[in-house]
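Asks: Once you've had a glance at the structure underneath, I'll fire off some questions.
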Amino acid sequence: MADVTTDAQKYLDQFHGLIQRLGKEDPDFAGALMEFVKQAEKPGALTTKTKELISVALGVAACCAYCIAFHVKNAIAEEATKKEILESCLVAALMGGGPAVAYIRYAVDACDQFGAK
């Protein structure tokens with residue numbers, strides 16, 4: 001059987017490269033986008049960790065490998081465990097159906113590559 005492991009770091013690097021390029025092309029837009037992310041994920045009634053787990057789930061439901069890599073890495077930085085990340089993916093599968101189930105692969109690989117405990 002062929003190895004189907006995805007390269008989460010590649011997706012993360014490509015996403016960061018896109019943001020850098022947007023920053024050169026339209027610094028106001030890129031700055032506003034990153035401020036929006038910062039504001040949406042800052043702690044409030046929900047912790048940043050909880051918000052990152054929600055973002056992982058939404059990335060899986062939206063079938064976005066870039067979103068999954070970005071938010072899994074951030075969730076791990078907020079001390080989310082592999083079990084918590086994968087559980088958020090199961091909720092995404094409930095809402096997103098078969099395609100979302102397939103995208104759990106990206107989250108599993110990101111957990112492994114980014115060192116989720």
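The values are calculated or read from the model by the stated rules, or taken from the named source; none is laboratory data. Everything quoted here is computed from the prediction, not taken from an experiment. Every residue, glycine as well, gets a Cβ built from its backbone with ideal geometry; the counts of neighbours run over all protein chains shown.
Asks: Just to be sure, is residue 87 at pLDDT 95 or above, at positive phi and of a type in the set (Asp, Glu)? Lay out the reasoning, then the answer.
Replies: On the way: at pLDDT 95 or above: yes; at positive phi: no; of a type in the set (Asp, Glu): yes.
No: the conditions fail for residue 87.
Asks: Go through the range 39-70 residue by residue and tally those that are farther than 18 Å from residue 94 by Cβ and in contact with an Asp or Glu (Cβ under 8 Å, 6 or more places away or on another chain).
Replies: The total comes to 6.
Asks: Taking residue 75 and the conditions (1) among the hydrophobic types (A, V, I, L, M, F, W, C); (2) modelled with pLDDT under 95; (3) in contact with an Asp or Glu (Cβ under 6 Å, 6 or more places away or on another chain), which numbered condition does it fall short on, given that it satisfies the others?
Replies: (2)
Asks: Restricting to the range 3-56, name every residue that is under 18 Å from residue 114 (Cβ atoms) and of a type in the set (Ser, Thr, Tyr).
Replies: Of everything in the range 3-56, those that are under 18 Å from residue 114 (Cβ atoms) and of a type in the set (Ser, Thr, Tyr) turn out to be 5, 6, 11, 48, 55.
Asks: Filter the range 1-60 down to residues that are among the hydroxyl-bearing types (Ser, Thr, Tyr) and modelled with pLDDT of 95 or more and give me whichever is farthest from residue 111 (Cα to Cα).
Replies: Of the range 1-60, the ones among the hydroxyl-bearing types (Ser, Thr, Tyr) are 5-6, 11, 47-48, 50, 55.
Okay, now just the ones that are also modelled with pLDDT of 95 or more, so 47-48, 50, 55.
Working: 47: 20, 48: 18, 50: 16, 55: 14 Å.
In this case the residue turns out to be 47.
Asks: Among what's in the range 72-84 and is farther than 17 Å from residue 6 by Cα and part of a helix (DSSP H, G or I), pick the residue that is farthest from the chain's Cα centre (by Cα).
Replies: Taking the range 72-84 and keeping what is farther than 17 Å from residue 6 by Cα, we get 74-81, 83-84.
Among the residues that remain, those that are also part of a helix (DSSP H, G or I) are: 74-77, 83-84.
Details: 74: 7, 75: 8, 76: 10, 77: 12, 83: 15, 84: 13 Å.
Applying the filter and picking the extreme gives 83.
Asks: Could you grab me the full set of residues in the range 21-39 that are under 18 Å from the mean Cα position of the chain (by Cα) and surrounded by 11 or more Cβ atoms within 10 Å (Cβ to Cβ)?
Replies: Of all residues in the range 21-39, those under 18 Å from the mean Cα position of the chain (by Cα) come to 33-39.
Result: 33, 34, 37.
Asks: To continue, here is another question. Name the pairs: first residue in the range 42-57 and in contact (Cβ under 8 Å) with a residue 12 or more places away in the chain and among the polar types (S, T, N, Q), second residue surrounded by 14 or more Cβ atoms within 10 Å (Cβ to Cβ) and part of a loop (DSSP other than H, G, I, E, B), Cβ to Cβ under 8 Å, at least 6 apart or on different chains?
Replies: 47/78; 48/78
Asks: Filter the range 56-68 down to the residues that are in a helix (DSSP H, G or I) and surrounded by fewer than 20 Cβ atoms within 10 Å (Cβ to Cβ), then identify the one that is nearest to the chain's Cα centre (by Cα). Quick ask: steps written out before the conclusion?
Replies: Let us first name the residues in the range 56-68 that are in a helix (DSSP H, G or I), namely 56-61, 65-68.
From the residues that got through so far, the ones that are surrounded by fewer than 20 Cβ atoms within 10 Å (Cβ to Cβ) too are 58, 66.
Details: 58: 8, 66: 7 Å.
Looking at residues that are in a helix (DSSP H, G or I) and surrounded by fewer than 20 Cβ atoms within 10 Å (Cβ to Cβ), I get 66.
Listed here are the residues, each with its yes/no results for (1) crowded, with 21+ Cβ neighbours inside 10 Å; (2) within 21 Å of residue 7 (Cβ to Cβ); (3) over 12 Å from the mean Cα position of the chain (by Cα); (4) of a type in the set (Gly, Ala, Ser).
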| residue | (1), (2), (3), (4) |
| --- | --- |
| 51 | no, no, no, no |
| 54 | no, no, no, no |
| 70 | yes, yes, no, no |
| 94 | no, no, yes, no |
| 103 | yes, yes, no, no |
| 115 | no, yes, yes, yes |
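Asks: Among the residues in the range 36-52, are any acidic (Asp, Glu), farther than 14 Å from residue 78 by Cα and in a helix (DSSP H, G or I)? Show your work before the answer.
Replies: Kept after step one, since they are acidic (Asp, Glu), are these residues of the range 36-52: 41, 52.
Within this subset, residues satisfying the condition of being farther than 14 Å from residue 78 by Cα are none.
No, the range 36-52 contains no residue that is acidic (Asp, Glu), farther than 14 Å from residue 78 by Cα and in a helix (DSSP H, G or I).
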